Amino acid sequence: MAEQPLFPIASAPPSQLFPVSNKEGSQALGEQGDLTWLANASFKEGLLPAPAPAPAPVPDWYVQQLESEEEINVSIRSTHTLLASSCDDEEDKDFDHGKESLDTREKSEERRKRSREESHRHERKKERKKKKFGGQVDKKLSSKLDLRLRGKSKRWVDLDNKDFQFDARGDRDNLVYDSLYRKDVPLFYRHQIRIWSSKLGRSIHSQFGFIHLEEDDIVMDEKLREGRYWSAKVTSLERRKDFRRLKISLHVSKPKAKTHFLLPPGDFISLEDLDAQEELKANCTLQEESWDDYVIRKTKEFNQHTRERPQDESLWIAFANFQDELIKAATKKAAAQQAVEKKIAILEKALEMHPFSEDLWLLYLDTCRQKDLASALLIKWENAIRHIPRSYRLWRGYLHFRLGEFSLFTVSSVRKVYMHALQTCFAAHYGKDHAEKTESTSRAETEKNLVSFFVDLCRFEWQTGHHELAVGLFQSFIEYNLFSPPLDVGERSKRRLFSEFWDSGVPRIGEDGAVGWALWLQKEEEWIQKSLAKDQAEGTIGEESELGGWTGWYEPAIVNKGKEKDELMSSVDGPSLEDSAGAEMQDTDEDEDADIKDPEHNEQDETVLLERLGLSLQAENEVEVKDSVIWKCWSEKEYDRDSIQWLPVRISNLKASHDEEILPEAGEGEEEQLERAVLFDDIQECLFSLTTADARLDLIFHFAGFCSGPYPQWCCSNSLQWMESMEALENLCGPLLWELNRASLSCEKDFEKFVGGVEWMHESQGRCKFLANALLLLRPFFSNNFWLEEKLLNVENYRYGMSTENLGGFGPRILAKRLLKNDRQAILLLGAYACAEASAGNLDVARKVFDTTLASLSSLPVEIQSYGPIVYECYAEMEICHMSKATEKKLIHQKVLYILSCLGSRIPYTPFRVDFSPTPTDVLRAKRGFKEQIQSFFNEKRQLDVSDQFKAVVVCTSMFELLADGLEAAASTFKESFAMSLPGKRQHSLHFELLHCKYISMLEEHKQHMKPTVLRRAILQTLAQYPSNPHVLGAYIRCSSRTASTNDLRRFFDDALQRNATTVLWLFAISIELGRPGSGPRIHSLFEKAVESTKTHKSVVLWRCYMAYELEVRGDLDAARRVYFRAIHACPWSKLLWLDGFKKMSNVLSAKELSDFQDIMREKELRIRTDVYEILLEEEEK
């Protein structure tokens, strides 16, 4: 392929970058010579006469102006002649690229002579054209003359006194040099604003550097030569705080007595409303104000308003926030520190007036963090808690402070803070005086906050390595609230009863054979009554039996309970607890007795083992491991034991078998078992009663989310529960990891390589079995929730899939049949079972279950029939999902229309047959029925939360409209449903968020039938409501990667992170950069901003991603080492983060450093299950 010439010839196509002139222009040039390569006007200027273009009409006002003002034309020509020499010299310097300048006098004179001849030639041509075309002037010639005069006189020639002119032709030289010609840019300089002062009495035009026309010359102001606004002199002037600027301010009426403080408006005033210009001019005043004047004025205003209205809390907050402007504007550290101290003083004064304001306390403590040390800040936090002990926000801020302070952190101290917070909040909200005034809605919200506190404590215990305590807390709290006996007793009596159940050693929720506290107590009472009846018959009842039975806190002194209790409690008492892998427990009674009877033998064994390692018991603590590989093996062993040892050990008759005399003499093996045991003393301070059904259901959701992993589907992404669960992530798995991998351009699945993991219940079969048993026991509390029914069957399916034994059959099918024997009307369970069969590929079985369920729906009670839309939705979605794989798509299309028309028309359902085909009348009837159902939901639930049934009806309506009328009708259905709720309420609704996700998924599936802007606009509207939804964020990245540039994506995430920085947004912002060439600095900058942000500074998953990126992608070992040190200092509670240093950085950190890190882990009271001497012994045996 031949190269194209830089300057194409005349036969080149008109699309070339430098097109040649027209035919007439070519002929004109041909008379002077074959110089067609000089097509650019800037190259032929001053060398050839200008081409004669075709005549074009010009405005009449321009012709009249030229004819009437001959003096101006003469002045222009003389000016051009006088300044041609100097201006041409400057032009040659600008456009001469690579050539030597012509400095000799002869060439300069020739240039001036040629320029004069050219100007005379232009004038003669203009006169000829004028006579030929009736007084009209050649437009092209006049525009070129105007352009040359503009460049030489350094201004636009204002011949018509108009405010502006349009340059319709443009300048092709801008393409050549990729910039504007420097003489086409208007010159000006910044002037001190004092010229606007009326005291000076000077003319505005006399102060600015305008160009004045005189008789035969143009005189330029000398100040123009000082430089433009980017010069050093002007820049230094801009930075001066006493430099005054012109500001336009509006007259603001004084705020009323009970309104918030109104800040003065900004400098920007919209000019779109042209009708209000007169009013705007009347209310506007011009002010000359420097930065110092602005600070003084604002300070005076705030001082005056705070003296007049000290009871206005928002006024004090605005005054304190004004100090942030001073901090940002400070150029020196001392000035910024002074502004911080002033802000603290303002807030202290405000707290004297408002000592019970949460907002003031939080702002005050956040400001003190910039100045005070950890010890001083701790005192201030405790003072704030004493003032407002029932504040949920203050307690949460205090806990975050205690977690993040490395010098103050220990597991026991933070655990005490959590327990104190639970007890204080419970006592404050449920006191005798306060409980009577509390409404049901506020009570439910308070209990949800308490449940969230409790779940945070369980998550904290799990992340510090105390897995048994975390699981034990969940077990005890669920037993205490959901399976409590129906006794009208106080909290203390209830706890005393629960202590008997907890220490009895019976199976608890999640374990095999667990029946619940209430049923166990009932069976225990039956056994006691039976024992008492037997004693009465034998006449062996003592005097103490007259004091009372079980409720009187009397336990009969029975030496041997015998076989009767064993038979009665056979369903309650089980064998020793199996661990999560299904292995039998190691602490049998025989081993315990052997360890206790022969402690000297154990000590001799330890001595022998240590001697084989070359160690001794006396010098055990002084020995150092000198090989980093040993520490890597130790971390791997610790990982394995953490995944296995997670369930609390139940010790039967703990009080009777371990009294005070035996415990100190217990052997080492027994101490390890006691560490895995959760006693009642460990949990009693975390127990409190829940009185509302919403809080109890919330507890079940939290438990299922804790055992399932991240990305819970039971709460809105704007809710506090979602935010806390995302900020507490330690690894990525499930749908969140899947969305991040889809958003990344890299094919290596970097996030899965960085911090990928498996869900909690997938780590072992024991965990799946535990969760399945727990959900099965909790099912009476959520039988009307489809998500939990589906979760139960999915967990059962996982348990069957992970089982090493051949259990036989399909797990969800066996469980569903067993549950349906007791409840034939559980249509949600039937729907979930059908979905499980469809996911397993059994479509025929799933269709049969759906048809049977919907056919029997009309014979069920009305309350159960209300859940019918959920089953219809599942059936229709299953058919649509498999439509693309089916051979007869038209038949399935008719089947889905028939299924949905039955729901819309409210007619009894009968299984679909081939000869069934909805008529147009049926379609219209179904449309009308769907609209009536949606409207009825809106009328009934106007003041309540939207239900699952409403969401199902909207989805079914949209699917019906999509199949009947197309995409536009389906989209309008979603939009109408969104308009039924206020935006503020819709932002916190889970069901509306799910509807938005369905809407985006539908548009993505049919994106080939719409413009990309429609999908992009819909996604942006959804992100405005739910900015942290992973599914919508992934959809936006996929849409923008095809239609927009990389900078648009980056700009979007920069704006979103500036508004609200969350862990999910940071992860998605990083995901679009992974795999992109040359994005290393951008990724490094994003990680630094993420870990330095106050909201995500304690995000473990971000720190782990950052460290893995430095290690595995960049290969910078020193940077990874620095990141690791910063990470453990910011998140000292995360055992997984500590172990990353042992596992991934054993070749970076020395053995001495790793040994010190393990000592720090013990000081911080993290749970360590493996001794390094075990690893040494294993290596020695090898």
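When the C-alpha to C-alpha distance is required to be over 20 Å, the pairs from LYS890/LYS998; LYS328/LYS1098; LYS298/LYS342; LYS380/LYS416; LYS343/LYS371 that qualify are LYS890/LYS998; LYS328/LYS1098. In this Cβ point-charge picture (+1 for Lys and Arg, -1 for Asp and Glu), the range 1061-1162 has a dipole of about 220 debye about its Cα centre.
Using only Cα coordinates, the Kirkwood hydrodynamic radius of the range 777-920 works out to 16.1 Å. Scaled against 2.2 N^0.38 Å for its residue count N, the alpha carbon radius of gyration of the range 1007-1090 is 1.08.
A simple rule links phi to the HN-Hα coupling: the Karplus curve 6.51 cos²θ - 1.76 cosθ + 1.60 with θ = phi - 60°, which for the range 1139-1147 gives 5, 4, x, 6, 8, 9, 10, 5, 8 Hz, with x for Gly and Pro. For ARG1104, neighbours were defined as the other residues whose beta-carbon sits under 9 Å from its Cβ, and their charges (Lys and Arg +1, Asp and Glu -1) total -2. Using a simple spin-label model with pseudo-atoms 7 Å out from Cα toward Cβ, GLN684 and LYS380 lie 3.8 nm apart.
Volume per residue of the convex hull around the Cα atoms, evaluated for the range 749-810, comes out as 124 Å³.
Taken about its Cα centre, the range 736-867 carries a charge dipole of about 420 debye when Lys and Arg each add +1 at the Cβ and Asp and Glu each add -1 at the Cβ. Hey, any idea what % of the range 733-803's accessible area is carbon plus sulfur with a 1.4 Å probe? Solvent-exposed carbon and sulfur of the range 733-803 make up 48 percent of the total. Which entries in the list LYS1135/LYS1164; LYS1143/LYS1164; LYS626/LYS1135 go over 18 Å, if you measure between the two C-alpha atoms of each? Too far apart for the 18 Å limit: LYS1143/LYS1164; LYS626/LYS1135. Spacing of the modelled spin labels on ARG297 and ASP844, each 7 Å from Cα toward Cβ, amounts to 8.4 nm. Taking the protein heavy atoms of the range 1058-1182 in the context of the full set of protein chains, the accessible area attributed to carbon and sulfur is 47 percent at 1.4 Å. Each residue of the range 846-863 was assigned a 3J(HN,Hα) from its phi angle through the Karplus curve 6.51 cos²θ - 1.76 cosθ + 1.60 (θ = phi - 60°); the sequence is 5, 5, 5, 5, 5, 4, 5, 5, 6, 5, 8, 5, 5, 8, 8, x, 5, 4 Hz, with glycine and proline shown as x. In the context of the full set of protein chains, the range 440-529 has a per residue accessible area of 31 Å² (1.4 Å probe). Projecting label points 7 angstrom from Cα along Cα→Cβ for GLU405 and VAL1014 puts them 5.8 nm apart.
Remark: the range 786-923 carries a charge dipole of roughly 220 debye about the Cα centre, counting +1 on each Lys and Arg Cβ and -1 on each Asp and Glu Cβ. At full extension, ASN1047 and ASP627 could sit 146.4 nm farther apart than now, given 0.36 nm per residue minus the alpha carbon distance.
Surface analysis of the range 871-1003 yields an accessible area of 48 Å² per residue, using protein heavy atoms and a 1.4 Å probe. Gain on full extension, evaluated as 0.36 nm per residue between SER531 and VAL176 minus their Cα-Cα distance, stands at 117.2 nm. For the range 1096-1140, the extents of the C-alpha atoms along the principal axes are 27, 16, 15 Å, listed from largest to smallest. FRET efficiency for the pair GLU724 and HIS387, taken as 1/(1 + (r/R0)^6) with r the Cβ-Cβ distance and R0 = 30 Å, rounds to 0.75.
Proximity of backbone amide H atoms, modeled 1.01 Å from N, is registered between ALA677 and VAL649 at under 5 Å, excluding neighbours fewer than 5 places apart on the same chain.
Using the Karplus relation 6.51 cos²θ - 1.76 cosθ + 1.60 with θ = phi - 60°, the per-residue 3J(HN,Hα) values for the range 1078-1085 come to x, 9, x, x, 5, 5, 4, 5 Hz, with x marking Gly and Pro.
The values are calculated or read from the model by the stated rules, or taken from the named source; none is laboratory data. None of the values given here were measured: they were computed from a predicted structure. Note that we place each Cβ from the backbone using ideal geometry, even for glycine, and neighbour counts take in every protein chain shown. These area figures cover heavy atoms from the full protein model, side chains too; ligands, DNA and RNA do not enter into them. Shrake-Rupley method; radii C 1.70, N 1.55, O 1.52, S 1.80 Å.
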